[in-house]
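J.: Here's a structure for you.
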Amino acid sequence: MFTSKDLALIAILSAAGGALSVPVGHLSSFLNGIPGIPFGTPQLLSGIHVLWMILAGLLIKQRGATAMTGALKGLVELALFSFHGILILPIAGAEGLVAEATFLVLGRKTEYLVYIAGGLSSSANVIVLRMLVLQALPWQLIVFIWVLSFTSGVVIAGYFGNKVVKIVDKRRIHK
């Protein structure tokens with residue numbers, strides 16, 4: 001069972017993540033249209049979308065918190081007119097589920113496991129998009145985009161998320 005505090009934290013992280021992800025998504029879409037920038041390069045920003053789920057998983061540490069944050073974040077993005085439209089629901093849901101599964105299987109005891117969770121969660125969006133709308137792209141391009149997204153998730157969601165939690169723990173903000 002989640003406490004009221006846990007549910008409030010999930011709601012806050014989902015709302016903040018959804019509100020930030022909408023303009024980041026539109027910026028990414030704009031960058032894809034600039035000549036000379038390879039298609040998929042904006043995936044270097046994809047870790048921003050997953051940071052909130054990783055924070056929920058690290059701060060709450062209860063089964064389901066990460067997946068719930070992802071699902072709720074997707075609803076917030078949909079309400080705020082994400083450029084993905086209705087596709088944001090399976091994308092955010094998959095990101096939350098992958099982070100949740102990674103934490104369940106690998107744990108979250110070391111920084112490196114958190115980095116892996118961030119990378120896998122972030123790159124889940126590429127797999128969902130491949131299945132739903134990008135079937136015509138060559139697999140080499142999909143791999144390139146997946147690697148960019150994984151790297152972004154490792155750095156932004158995993159590394160920075162871990163640093164934020166250490167600051168929060170040091171200051172005992174959430175206890």
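J.: Sort out which residues of region 147-161 are in contact (Cβ under 8 Å) with a residue 40 or more places away in the chain and either touching an Asp or Glu at 6+ places or on another chain (Cβ under 8 Å) or not polar (S, T, N, Q) (or both), and write them in order of number. I'd like the intermediate steps shown before the answer.
T.: Going through region 147-161, the residues in contact (Cβ under 8 Å) with a residue 40 or more places away in the chain turn out to be 148-149, 151-161.
Within region 147-161, L148, G153, V154, V155, I156, A157, G158, Y159, F160, G161 qualify.
J.: Need the failing condition index for V128 against (1) at pLDDT 95 or above; (2) more than 20 Å from L89 (Cβ to Cβ), just the number.
T.: With (1) at pLDDT 95 or above; (2) more than 20 Å from L89 (Cβ to Cβ) applied to V128, the lone miss is (2).
J.: Go through region 1-40 and report how many residues are of a type in the set (S, T, Y) and closer than 18 Å to I91 by Cβ.
T.: Here is the first cut: in region 1-40, the residues of a type in the set (S, T, Y) are 3-4, 14, 21, 28-29.
Checking the rest, the ones that are also closer than 18 Å to I91 by Cβ come to 14, 21, 28-29.
The number of residues fulfilling the criteria is 4.
J.: Would you please name the residue that is farthest from K163 (Cα to Cα), looking only at residues in region 87-126 that are of a type in the set (A, V, I, L, M) and more than 13 Å from the chain's Cα centre (by Cα)? I'd like the intermediate steps shown before the answer.
T.: Restricting attention to region 87-126, the residues satisfying the condition of being of a type in the set (A, V, I, L, M) are 87-89, 91-92, 94, 97-99, 101, 104-106, 113-114, 116-117, 120, 124, 126.
Checking the rest, the ones that are also more than 13 Å from the chain's Cα centre (by Cα) come to 87, 101, 104-106, 113.
Details: L87: 31, A101: 22, L104: 21, V105: 22, L106: 19, L113: 14 Å.
Ranking the candidates gives L87 first.
The values are calculated or read from the model by the stated rules, or taken from the named source; none is laboratory data. Bear in mind that the values here come from a model prediction, so they are computed numbers and not experimental data. In this analysis, Cβ positions are derived from the backbone assuming ideal geometry, glycine residues included, and neighbour counts consider all displayed protein chains.
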